Amino acid sequence: MKIWDVRTVLGWTVGLLAAATIALGAQAQEPIKLGVFLSATGGAAFLGDPEKKTIELYVEKINADGGLLGRQVQLTIYDDGTKAKEALTFVKRLIDQDKVDLIIGGTTTGNTMAVINEVEQAGLPFISLAGASVIIDPVKKWVFKTPHTDRLAVQKIFTDMKARGLTKIGLLAGSGGFDKSCAGNARALMESEGVEILADETHGAGDTDMTPQLTKIKNTEGVQAFLYCGFGAPTSIVAKNYKQLGITIPHYQTHGSASVRFIKGADGAAEGVRLPAAALLVVDSLPDSHPQKAIASAYKAAYEDGYKEPISTFGGHAYDALFLAAEAIKRAGSLDKEAVRSEIEKTNGFIGVDGIFTMSPDDHLGLDNDSFVMVEVHDGGWKLQE
Amino acid sequence: MRALLAPRTGGLLALAIVIALLPAVLPNNFYFNVAILVGLNAIVCVGLNLLIGYAGQISLGHAGFFGLGAYASALLTGSYGWPSLAALVVGAAAVGALAFLLARPILKLKGHYLAMGTLGMGVIISIVLNQEAGLTGGPDGMPVPAFEVWGWTAYGERTWYWIVGGTLLVTTWLALNLIESPIGRALRAIHGSEIAAEVIGVKTERFKTLVFVISAVLASVGGSMFAHYSGFITPSEAEFFHSIAFVTMVVLGGMASIFGSILGAAILTVLPQFLAVLHDYETLVLGAVMMSVMIFLPKGLLPSLAELLRRRSL
């Protein structure tokens, strides 16, 4: 056998070079591990499902564009079925077994609160997609979140009411965590905002008729506006009962109703209901000068193109969490957990779908009530209010 | 030699060996966590099997007792500053008392009606935990302080592994003793035929109440330990589907087989973790596994396999 034949040598050289390149390339491209746990099934599926789709869509896009820091993003998604116990198990799994660099998830406040201890002990950045303010108040070192809090929503609503000269209101709230937290914030803010709650009613979870509470509010002397704190199916029921009773004072709800399901479920009765929502909801009617216009329309186009279904603001929370993390990793230039964490905390003027984020060591949300726009239901769709 | 083959001694020894040796092969905390959840489910299922497998009374509400135990510990230690052990014992006693009060009216029912009665009981407990938000934090749940006994704090997966493992061993030992005792024979007589049992002088009502209370207390203890271990609980622990999960573990592992319930709890806790990788097909595979077991091994895994082995060796 002629070992030193020119062609053999050439063949070997090329072969070895190729192997070396592949080996080096593989080493350089050890992936960034992103861990995600969401409630894609179970009670909160209507929130978790768009979140999951958004993350999958954009991780694919990020990887197609060359990844982060020249490395591919390896996504591990678990579905906790809206059960806190499962969420905790999956977070332990992400940390101990999958050894992820960063965690995004926690569709509901309960599932987020259940894992905070574990994440804080392990010390890795965690961005939650749940609403309530308890998640970031008091501030926890490793925990961030993207959705607006109920407190911001109440502030925005009160501001809008006062601008219309409405200061005496009737309040109705459900018994869920969000509902209670929202009503609590309304009571806490009423003095400083100069609003007076004349009637304060609640309904039970699973109630299918709110006529008694609404009748009471209707018959309360001097009520100028009505606020409902809640989300999901009851939002439509309240709107229906409201119309059936012929109540004509302005009707406010929260961003918990910012879904087409609310309008469809109310069967025409949602007309005229006013609520604060992320700009994403009315992206097409935003003026071109609006800072979020470009990013929100790009997200809407990509999502609707990818999944052939309308966007929801919940998917937007996931979009913001993913890109807040991506930007922080780019700035940190490494995956060192403390470096990434402190870069997330230094987020300044990040334009997301939910608003413009500016975080600080005292504020792990970074949104103010300018991140909301007021919308009104009009002809079965959303109409931006100036 | 014969003692080693009898379930009361040999089986218990085998369980002790498995619990003792398992940590050597568990690579990290995540696996310890799964092992702990297996143990907690097994404690509840051993109790539930006494009720379902031996006494022949169905309960679709045991997650309610589990949830009550969990919330009793959470509330008494968290909101009222009680010592953890006292909270656990008082919680279990209160759940036992509740079960005692409920047992008379509820265990008068038979078959589907008993299933409906216990289901209703579980649902009511779940509704209370969801609605009393001022006390329980509502659907968003509440945090639970760490387990503390005389200044020593149970923390970390490895510590909890030994606590849960030890409790499971004691529970199994008690259950095995119980079914070998006259009470156990009375329970099996009730299972066979309640009327016949009464005719030969078994006070059926008394024994049914007793086993209902025992199983409720075990569920409550399991719930308390779970609450302290996980550090955060939500009302979903008391949910109807959680009750169904317990019953499924018992039926899958084998009715009237104490070790069968441990096996059932292990399989149904571990399997979803393996299947999580196939997340879209998880439920499908799980359902297929359960259906095949029910069709081909209707007595449950352990009794059917034991019978198969016995027939082979003859």
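Values computed for the structure shown
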quantity: Yes/no for A:I157 being within 29 Å of the chain's Cα centre (by Cα), in a strand (DSSP E or B), at pLDDT 90 or above and buried (at least 17 other Cβ atoms within 10 Å of the Cβ); calculated: no
quantity: Residue match in the stretch B:204-221 (condition: more than 29 Å from B:L297 (Cβ to Cβ), without any contact (Cβ under 8 Å) to a residue 24 or more places away in the chain and not small (G, A, S)); calculated: yes
quantity: Residue in the stretch A:91-110 that is farthest from the other protein chains (Cβ to nearest Cβ), counting only those that are under 20 Å from the mean Cα position of the chain (by Cα) and in a helix (DSSP H, G or I); calculated: A:V91
quantity: Near pairs, Cβ below 6 angstrom, 6+ apart or cross-chain, from the stretch A:64-84 (more than 14 Å from chain B (Cβ to nearest Cβ)) to any residue that is outside any strand (DSSP E or B) and small (G, A, S); calculated: A:L68/A:A326; A:V73/A:G67
quantity: Residue that is nearest to B:Y31 (Cα to Cα), among those in the stretch A:120-132 that are touching a residue at least 24 places away in the same chain (Cβ under 8 Å) and within 12 Å of another protein chain (Cβ to nearest Cβ); calculated: A:A122
quantity: Matching option when the condition is under 29 Å from B:V149 (Cα atoms), among the hydroxyl-bearing types (S, T, Y) and within 20 Å of the chain's Cα centre (by Cα), among B:S73, B:S79; calculated: B:S73
quantity: Residue in the stretch A:159-174 that is β-branched (V, I, T) and either within 14 Å of another protein chain (Cβ to nearest Cβ) or closer than 30 Å to A:D98 by Cα (or both) present; calculated: no
quantity: Odd one out for B:S59 among (1) buried (at least 24 other Cβ atoms within 10 Å of the Cβ); (2) of a type outside the set (A, V, I, L, M); (3) within 14 Å of another protein chain (Cβ to nearest Cβ); calculated: (3)
quantity: Residue among A:I127, A:I169 that is closer than 30 Å to A:F90 by Cβ and crowded, with 24+ Cβ neighbours inside 10 Å; calculated: A:I127
quantity: Residues that are more than 12 Å from B:L218 (Cβ to Cβ) and out of contact with any Phe, Trp or Tyr (no Cβ under 9 Å at 6 or more places or on another chain), drawn from the stretch B:39-63; calculated: B:I52, B:G53, B:Y54, B:G56, B:I58
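The values are calculated or read from the model by the stated rules, or taken from the named source; none is laboratory data. What you see is a predicted model; the values in this text were computed from it and never measured. With ideal geometry, Cβ positions are generated from the backbone for all residues, glycine too; neighbour counts draw on all protein chains shown.
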